[in-house]
1. Where the second residue is of a type in the set (Phe, Trp, Tyr) and at pLDDT 95 or above and the first is not assigned by TED's automatic domain parsing to the domain that holds ASN244 and lies in segment 207-227, which pairs have Cβ atoms under 7 Å and are six or more apart or on separate chains?
2. Would you point out the residue of segment 1-34, among those that are aromatic (Phe, Trp, Tyr) and more than 19 Å from ARG152 (Cα to Cα), that is surrounded by the most Cβ atoms within 10 Å (Cβ to Cβ)?
3. Is it the case that ALA230 is of a type in the set (Gly, Ala, Ser), surrounded by 12 or more Cβ atoms within 10 Å (Cβ to Cβ) and touching a strand residue (DSSP E or B) at 6+ places or on another chain (Cβ under 7 Å)?
4. Scan segment 237-247 and tell me whether some residue there is in contact (Cβ under 8 Å) with a residue 40 or more places away in the chain and either assigned to a strand (DSSP E or B) or touching a Gly at 6+ places or on another chain (Cβ under 6 Å) (or both).
5. Got at least one residue in segment 133-153 being closer than 27 Å to ALA62 by Cβ and not polar (S, T, N, Q)?
6. For segment 267-297, give me the residue count where each residue is loosely packed, with under 13 Cβ neighbours inside 10 Å and in a loop (DSSP other than H, G, I, E, B).
7. Just to confirm my filter: which strands (runs of 3 or more DSSP E) fall fully inside segment 145-215 and include at least 1 residues that are over 30 Å from THR247 (Cβ atoms) and among the aromatic types (Phe, Trp, Tyr)?
8. From the list VAL182, VAL173, exactly one residue is more than 26 Å from the chain's Cα centre (by Cα), over 28 Å from VAL18 (Cα atoms), surrounded by fewer than 16 Cβ atoms within 10 Å (Cβ to Cβ) and hydrophobic (A, V, I, L, M, F, W, C). Which is it?
Amino acid sequence: MDWIYTHVLLPVLGVLYVPCDWVLGWTERFSPFVAITIVGVISALAIILVQKYGSDQTFLGACKADLKFLKKRMKEAKRGAAYYSDDGENITIDPSSLSPANLDILTRARALSGRIGGKYMWASLKPALWTVPLIGVIGLWTGSRLGYVPIRPGQEIAVAAHFEDQAKGFAYVLPTEGLRPVTAPIAAIEIPQDGGGLQARWKLRAEKEGDHRLTVRGAGRSYDVTIPVAAKGGRPPEPVTVLNDLTPGQDQLQAVEIKLADSLPAAWWNLKMQWGGLYLIVAVGMALVLRSLLGVH
């Protein structure tokens, strides 16, 4: 599963994120709350437009009308029973008290309602073949680009290099004009007090704007990770950059993690889901509103 994620899913998403950057990248200029709200509204509009123009709305409208008519006929047939109870929504009857004519109407209406309902469901689900992958990519893009606070000049960032179980010794980072170590550039490869496997940890200060290259050296190899820094707008770096699969010696650097602040803290109003909660609330709420305004079946 890790191999599929690293070598298949991430490269595919890297390609799919390019058009998302073109269409939605401008939202990065706003605060996280506003930016995520805008993306949620655009997502809802995309869903509804695909549903409206990617399905046969005339057919779906006719199906809904037929189902409404059949439901009315079934209620009328049930009221023809000698014994029934009606709570306004559902009618409960004793089938043996129905006349043969009403029983025939009820049986036929139920069978026809089932067939029409199946066709309606299939026709309405066809747009999902487009909307589910589309919204999935937009949601992942939102988490990648807007789920964390971008790094600003003067900010200190925590970096952790994760090693395999047999790694030992020390690792170090190379200072640059854009990224200067606050702690010692050489760190021991060890298991920290809070756990998480073998790591080497540093704190760096972002000195100025730009895409800065962080070079981490450990177990005899060097690896580069790009860390963007922006005074306004911009996007956060990838929280985790995977550098190696499992190696025979089990002693290599596997990944570099950058500790990033969440763009939205978990709260009751975002369902404790941080950015994902806000995105979900806006997208679903706007989809319901637009569905009604545009008369989508």
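The values are calculated or read from the model by the stated rules, or taken from the named source; none is laboratory data. Please read these numbers as outputs of a predicted model, since none were measured by experiment. Positions of Cβ are generated from backbone atoms using ideal geometry, with glycine treated the same way; all protein chains shown enter the neighbour counts.
1. none
2. So the residue we want is TYR17.
3. no
4. yes
5. no
6. The qualifying residues number 3.
7. On the way: elements: 156-163, 170-173, 179-181, 186-188, 199-206.
In segment 145-215, there are no strands (runs of 3 or more DSSP E) which contain 1 or more residues that are over 30 Å from THR247 (Cβ atoms) and among the aromatic types (Phe, Trp, Tyr).
8. Just a single option satisfies the conditions, and that option is VAL182.
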